[in-house]
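Quick notes on the structure that follows.
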Amino acid sequence: MRVGVLPSQRLRALIAEGVIAAEQEIGDGQVQPASLDLRLGRTAVRVRASFLAGHGRSVEDRLAAFEMHRFDLSDGAVLEKGCVYLVPLMERLALPQGVEGVANAKSSTGRLDLLTRTICDGGVEFDHIPDGYHGPLWAEICPRSFSVLVRPGMRLNQLRLREGAAVLSDEELRALHGRVPLVQGAEGVIDDGLGFSVDLEGTGRVGWRAKPHTGVIDLDRLGHYAPRAFWEEILAEDGRIILDPGAFYILMSREAVTIPPDHAAEMAPYLAMVGEFRVHYAGFFDPGFGHGAAGTGSRGVLEVRCHEAPFALEHGQVVGRLIYERMAEVPDQLYGRGIASNYQGQGLKLSKHFAEP
């Protein structure tokens, strides 16, 4: 057994074997270098609270205590800001022993502040599919900043599968950083992952803040919406901005990030003690992200939500960390090479639904 995250060619093999199955044929475009895009089913359930199934219980059984109403997505339906929904996913799993899954929201989902998490029967953690799991998958969706129009087949979250302990220790990460510089533009603090900081330098736009009262975003419309109808520009003063409690921001990392072809990475919050905010929920970096991009890497876009108190965020402040994982094999496709990679070489970029400002 090769320890690590399963690459695209292994995912296709598992689909062919029926380990990953679906009510509609899984399209080749769903297979990413180190993950599989998951598709929404035909029905959504409005629930009064987020929940986990718990040991020995199914999601469907637990719904009796939380369901408010069910509705059909076939002709499109609006998921309202501030509400919680469960949508059965088209894909289901029959994982062999020794293989577990980890899910997260896709980049465009996170950049819309669309909290999307995966749950399963018997699950006791969000976005974690236990070793050897057999059964259906569900997406829990909670729009935080914008109401959204969704349809069956839309891909809001993604699943990666791994065998064994794939996460690099700090010692292994330092060795990798010595061979392949993983960040450019700063030293990169290695402490329970590779720390990265926020870029608030200059006098122009350094970020975007979601407006509180906007229209609906149709997730099928790409490059369609005017940014300023949904966002307001953030300008830094002396390398500092004040985060407002409850507000959602799109910012950018100071460092350019590189993910070598034989590794993947996940963006995670740094430490709760650094401030009253957290880096948001999407943040899986595929093998090849920033790799070979003129040797400079690609900036990481930061989805930031402020919590209970206003917080002064300073240029260069460490706000998150990259957790690197080894791949079981180098994928037969890499991010940015021959596939639709929306954010390779990105700057301060909103989700793909918005036109260029």
Considering only strands (runs of 3 or more DSSP E) wholly within region 81-153, the ones with at least 2 residues that are farther than 21 Å from Met327 by Cβ are 84-94, 114-120, 134-143, 148-150
Taking region 200-247 and keeping residues open to solvent by less than 20 Å² (accessible area, probe 1.4 Å), more than 18 Å from Ser147 (Cα to Cα) and more than 20 Å from the chain's Cα centre (by Cα) leaves Leu200, Val206, Ile234, Ala236, Gly239, Ile241, Leu243
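The rows are residues; the columns are (1) among the basic types (Lys, Arg); (2) within 21 Å of Gly132 (Cα to Cα).
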{"site": "Arg10", "(1), (2)": "yes, yes"}
{"site": "Ala21", "(1), (2)": "no, yes"}
{"site": "Ala34", "(1), (2)": "no, yes"}
{"site": "Leu40", "(1), (2)": "no, no"}
{"site": "Thr43", "(1), (2)": "no, no"}
{"site": "His55", "(1), (2)": "no, yes"}
{"site": "Val59", "(1), (2)": "no, yes"}
{"site": "Ala65", "(1), (2)": "no, no"}
Worksheet item: Of the residues that make up region 156-167, is at least one of a type in the set (S, T, N, Q), closer than 26 Å to His353 by Cβ, open to solvent by less than 40 Å² (accessible area, probe 1.4 Å) and not in a strand (DSSP E or B)?
Response: no
Residue count, region 203-242, condition among the charged types (D, E, K, R) and within 27 Å of Gly153 (Cβ to Cβ), comes to 3
With the first residue restricted to region 222-250 and required to be within 17 Å of Leu302 (Cβ to Cβ), and the second required to be among the hydroxyl-bearing types (Ser, Thr, Tyr), Cβ contacts under 6 Å at 6 or more apart or on different chains are Phe248/Ser145
Open item on the list: Going residue by residue through region 171-188, is there one that turns out to be open to solvent by less than 10 Å² (accessible area, probe 1.4 Å) and either in the same structural domain as Ser50 (by the TED database) or part of a helix (DSSP H, G or I) (or both)?
Closed with: yes
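Within region 1-58, which strands (runs of 3 or more DSSP E) (wholly inside it) include 2 or more residues that are closer than 30 Å to Ile259 by Cα, aliphatic (A, V, I, L, M) and touching a residue at least 24 places away in the same chain (Cβ under 8 Å)?
Filter on region 1-58 gives 20-22, 36-39.
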Check your understanding: Would a scan of region 82-92 turn up a residue that is within 23 Å of the chain's Cα centre (by Cα), surrounded by fewer than 14 Cβ atoms within 10 Å (Cβ to Cβ) and under 30 Å from Pro227 (Cβ atoms)?
Key -> yes
Check: Do we have Arg155 as touching a Lys or Arg at 6+ places or on another chain (Cβ under 7 Å), among the basic types (Lys, Arg) and in the same structural domain as Glu91 (by the TED database) here?
Finding: yes
query = Going by the structure shown, is Asp113 on the phi > 0 side of the Ramachandran plot and buried (at least 22 other Cβ atoms within 10 Å of the Cβ)?
reply = yes
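The values are calculated or read from the model by the stated rules, or taken from the named source; none is laboratory data. Quick caveat: nothing in here was measured; it's all calculated off a predicted structure. All Cβ positions, glycine included, derive from the backbone under ideal geometry; neighbour counts span all protein chains shown. SASA here: full protein model, heavy atoms, side chains in, ligands and nucleic acids out. Shrake-Rupley method; radii C 1.70, N 1.55, O 1.52, S 1.80 Å.
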